[in-house]
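The values are calculated or read from the model by the stated rules, or taken from the named source; none is laboratory data. It should be emphasised that the depicted structure is a prediction, and the values quoted were computed from it without experimental measurement. Here Cβ is always computed from backbone atoms with ideal geometry, including for glycine, and neighbour counts include all displayed protein chains.
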Amino acid sequence: MWSTNFFRTASEPGPNIQETAMNNEQFERLTRVGAGTPMGTFMRRYWHPIATSAQVAAPDGAPLVTWLLGERFVVFRDTEGKVGVLDDHCMHRGVSLGLGRVEEGGIRCIYHGWKFARDGRILETPNHDSCAFRERKKARAFPVRESSGLIWTYIGPADQEPPFRTFDFDQVPDGNKSVFRGNAAAPYLVLWEGGVDSSHVGMLHTNDARPSWGAKLRGEDVGPSAWDSLAPTYEVERTPYGYRYVAFRGIPGNPDARHARQVPAILPNMRIIPGHADFAIAIFEVPMDDKRTATYQMAYSHSQPIDREWAARFLGFVPPVYDEKTCNVNVSWPDNMQQDRSIMDRSWSGLPAIEVEDVAMAVSLTEPWDRSTENLVAADIAVVTLRQTLLDALKRFEAGENPPALHVEDMSAAQSYDQVVRNSEDWKAVPARLAGALQYEKA
């Protein structure tokens, strides 16, 4: 039984967390996103990233065929450098426009030569010379916004189009951010759950988050850190955009303060993961369909440039597991998720990098199983909160309410942080953009 009063801090009394386990019916309700489904209708009320600018970088260059919420689209950049998003099925006979030619102000179907402008206007119909027909008809075209290296579109009801939202990363210079796309064969919810699960960071991502493990194997002396604490405590707060949580870890030798990692979860599919000091990663888990997700990761900083090559290596967007052309993260069971057990004496997971580790866990959950058999513990509170937030929002939407924060244009106040917070401080009142190193010195 799901109850809205589960939103509480870890120190408050509440129901047994196991009682909030999600069953398969609830999972299907949240992950079926096609047209006409409850969650598909809910999701279509928001703007979504559909491509990176780099995927259609050149005017009159190759178009991109991609999927969003179970529908197939073609994304292209016309002669003027403006981006169009159309239904990929040519309105004539339904073949793919993505196989067509982008030229002279539009995209031309190679089957019969029908040509369309980025707004859906029919420019030419070589096998049907009728100006009246071309003026009367129009291809399905969708609103487009290009910002911070992302191409966004809105595919919901035209008369209900919400304002375009901007986020914290939109405030930084172009040189201080870099965006990546990774396609994974897993439902968006599974990937998003992993993203709000802070307790897995010090375990699954040991090589990046917990260097003491590797140092010990090498016989090196590395001092203890907060990340050696594998059982963080949590507090959760509901917000107008979804919720935010903080994961606390004890700091060796400092009983008066805690390491605090705050993460906002922003509906319909976003979170912001903090790095040390002034560095963060905004992540969108955008459903391509019920079982595939396009993950967009925006690495950014307000104070310093982001080296794209470094970010790609750190996050794991590098060959051979990651295909730069298709944006696919190629992990599957036949090849054991790309795990190399021969290196597990120096690599905790045997997997190449953070993105691959996360995707491998998500893909391993894709085969049918009874989700109600999960054995949830206190460390799963952020995951449980995500599920309940979505179910509650969907229920209210079906009752006639708007989705959360749909009309909030400026979302820049939703930020993350990773820093030291004194025990006497309220984590909810701590400014997000304090230099992490400085905080460590002061604590």
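Within region 127-150, can you find the residues that are more than 17 Å from V102 (Cβ to Cβ), over 29 Å from the mean Cα position of the chain (by Cα) and not polar (S, T, N, Q)?
Matches in region 127-150: H128, D129, C131, A132, F133, R134, E135, R136, K137, K138.
Against the condition out of contact with any Ser or Thr (no Cβ under 9 Å at 6 or more places or on another chain), among the aromatic types (F, W, Y) and closer than 30 Å to R72 by Cα, how does Y296 come out, does it pass?
Values: out of contact with any Ser or Thr (no Cβ under 9 Å at 6 or more places or on another chain): no; among the aromatic types (F, W, Y): yes; closer than 30 Å to R72 by Cα: yes.
The answer is no for Y296.
Could you say which residue among R77, R32 is within 24 Å of A158 (Cβ to Cβ), basic (K, R), crowded, with 21+ Cβ neighbours inside 10 Å and outside the structural domain of L189 (by TED's automatic domain parsing)? Step through it out loud before you land on a result.
Numbers: R32 fails: crowded, with 21+ Cβ neighbours inside 10 Å.
That would be R77, the only listed residue that is within 24 Å of A158 (Cβ to Cβ), basic (K, R), crowded, with 21+ Cβ neighbours inside 10 Å and outside the structural domain of L189 (by TED's automatic domain parsing).
Being in contact with a strand residue (DSSP E or B) (Cβ under 8 Å, 6 or more places away or on another chain), in a loop (DSSP other than H, G, I, E, B) and small (G, A, S) is the filter; apply it to region 91-108 and report the residue that is surrounded by the most Cβ atoms within 10 Å (Cβ to Cβ).
If we take residues in region 91-108 being in contact with a strand residue (DSSP E or B) (Cβ under 8 Å, 6 or more places away or on another chain), in a loop (DSSP other than H, G, I, E, B) and small (G, A, S), then G100 is surrounded by the most Cβ atoms within 10 Å (Cβ to Cβ).
Considering region 302-352 alone, what residues qualify as being more than 21 Å from E193 (Cβ to Cβ), among the hydroxyl-bearing types (S, T, Y) and surrounded by 19 or more Cβ atoms within 10 Å (Cβ to Cβ)?
Y322
Let me confirm something: among A299, A312, A260, which residue is closer than 19 Å to V430 by Cβ and out of contact with any Asp or Glu (no Cβ under 7 Å at 6 or more places or on another chain)?
Values: A299 fails: closer than 19 Å to V430 by Cβ; A312 fails: closer than 19 Å to V430 by Cβ.
It is A260.
Report every pair of residues separated by at least 6 positions or lying on different chains whose Cβ atoms are under 7 Å apart, first residue within region 305-325 and in the same structural domain as D335 (by TED's automatic domain parsing) and of a type in the set (F, W, Y), second assigned to a loop (DSSP other than H, G, I, E, B) and surrounded by 13 or more Cβ atoms within 10 Å (Cβ to Cβ).
Between residues of region 305-325 that are in the same structural domain as D335 (by TED's automatic domain parsing) and of a type in the set (F, W, Y) and residues that are assigned to a loop (DSSP other than H, G, I, E, B) and surrounded by 13 or more Cβ atoms within 10 Å (Cβ to Cβ), the close pairs are Y322/G316.
Being buried (at least 16 other Cβ atoms within 10 Å of the Cβ), at pLDDT 95 or above and either touching a Cys at 6+ places or on another chain (Cβ under 6 Å) or not aliphatic (A, V, I, L, M) (or both) is the requirement here; does G250 meet it?
no
Here are the criteria: (1) in a helix (DSSP H, G or I); (2) out of contact with any Leu (no Cβ under 8 Å at 6 or more places or on another chain); (3) among the aromatic types (F, W, Y); (4) in contact (Cβ under 8 Å) with a residue 40 or more places away in the chain. Tell me which single one W227 does not satisfy.
Of (1) in a helix (DSSP H, G or I); (2) out of contact with any Leu (no Cβ under 8 Å at 6 or more places or on another chain); (3) among the aromatic types (F, W, Y); (4) in contact (Cβ under 8 Å) with a residue 40 or more places away in the chain, only one is false for W227: (4).
Restricting to region 216-233, give me the number of residues that are touching a strand residue (DSSP E or B) at 6+ places or on another chain (Cβ under 7 Å) and surrounded by fewer than 20 Cβ atoms within 10 Å (Cβ to Cβ).
Number satisfying all stated conditions: 1.
In this structure, is R244 farther than 30 Å from E409 by Cα, crowded, with 23+ Cβ neighbours inside 10 Å and touching a residue at least 24 places away in the same chain (Cβ under 8 Å)? It would help to see each step written out before you state the result.
Details: farther than 30 Å from E409 by Cα: no; crowded, with 23+ Cβ neighbours inside 10 Å: yes; touching a residue at least 24 places away in the same chain (Cβ under 8 Å): yes.
Criteria not met by R244.
Would region 44-61 turn up any residue that is basic (K, R) and within 28 Å of V102 (Cβ to Cβ)?
Our first condition is that a residue be basic (K, R); within region 44-61, this holds for 44-45.
Checking the rest, the ones that are also within 28 Å of V102 (Cβ to Cβ) come to 44.
Yes; the residues of region 44-61 include at least one that is basic (K, R) and within 28 Å of V102 (Cβ to Cβ).
Can you list the helices (runs of 4 or more DSSP H) lying wholly within region 347-443 that have 1 or more residues being at pLDDT 95 or above and touching a strand residue (DSSP E or B) at 6+ places or on another chain (Cβ under 6 Å)? Quick ask: steps written out before the conclusion?
On the way: elements: 354-363, 381-398, 436-442.
Once the helices (runs of 4 or more DSSP H) in region 347-443 are filtered for at least 1 residues that are at pLDDT 95 or above and touching a strand residue (DSSP E or B) at 6+ places or on another chain (Cβ under 6 Å), what remains is 354-363, 381-398.
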